[in-house]
Amino acid sequence: MKKIILTSMVLVSGMAFSQVVIGGETGTATDKTSVLLDFAPNQNKGIILPYNRTLPTGTGLEGGTITVDATDATKAKVKVYAPGNAKADASGWIDLSSGNEANLTAPVDYMTKQPLSTGPNAVIENADAKAIIGSPTTTAKGVLILESTTKALVLPQVATTDDIINPAPGMMVYINKSGFERLAVFNGAKWTYWAP
């Protein structure tokens, strides 16, 4: 009986302090206690954001939502939803591409690889479908929800965006080079850098 209780306690404590690491056994964070999602080091890869032909709106839209605005696929931009922020437009979106636009239809047509929302080949999405990391439930809407009050996402880290061969539109990474630490987003044509 003692072995069963001890084993149960070890499993429960392991789940309470666990994190998800993508691409390897260890992530880049040195202190794992406040990390919810991490990525293996030295991969020269990033997160690819979803392309939206129609920007999300309404009560289900959460602050911090990041997406590629492909409402005009010839002028795509990476945007974050931050209602009330002085830099946000009237709809609450901030352009992380700093005005730089990307054509997602030429020379490579990335939009043909995205699911259609209308027509005979339309993919009907379940608006309630989501993957949650950090909690068994959430009221937030989105594809991937990181739900925690004490843990955070650690972005994939690179020394320079030059090390990423053929980045996809919507790629996001953190440059972790001494003196150059910053967020980098790729809209399909140009990298934009955001220093703290």
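Bear in mind these aren't lab numbers, they're just calculated from the coordinates by the rules spelled out. Given the structure is predicted, the values throughout are model-derived calculations rather than measurements. In this analysis, Cβ positions are derived from the backbone assuming ideal geometry, glycine residues included, and neighbour counts consider all displayed protein chains.
Values as computed for the structure displayed
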| item | result |
| --- | --- |
| For the range 40-100 versus the range 127-196, the gap between their alpha-carbon centres in whole angstrom | 11 Å |
| Proximal charge balance of P115 [Cβ under 11 Å; K/R count +1, D/E count -1] | +1 |
| Cross-link partners of K177 among aspartates and glutamates (Cα-Cα below 15 Å; sequence separation of 8 or more within a chain) | D162, D163 |
| Net charge, K77 excluded, C-beta distance under 9 Å - Lys, Arg +1, Asp, Glu -1 | -1 |
| Scattering curve values for the chain, log₁₀ I(q)/I(0), Debye with Cα scatterers, q = 0.08, 0.11, 0.14 Å⁻¹ | -0.33, -0.60, -0.94 |
| Straight-distance crosslink candidates among aspartates and glutamates, where the alpha carbon sits under 12 Å from K87 and sequence neighbours closer than 8 are dropped | D95 |
| The range 182-196 - phi-based ³J(HN,Hα) in whole Hz, Karplus 6.51/-1.76/1.60, Gly and Pro as x | 5, 7, 10, 10, 10, 8, x, 10, 8, 7, 10, 10, 10, 8, x |
| Given K79/K130; K45/K113; K113/K151, the pairs whose alpha carbons are separated by over 30 Å | K113/K151 |
| Within the range 46-196, percent of DSSP bridges classed antiparallel, to nearest 5 | 70 percent |
| Surrounding net charge for T26, when Lys and Arg each add one and Asp and Glu each subtract one, Cβ distance under 15 Å | -2 |
| Value of relative contact order over the chain, rounded to a whole percent, pairs C-alpha under 8 Å and six or more apart | 22 percent |
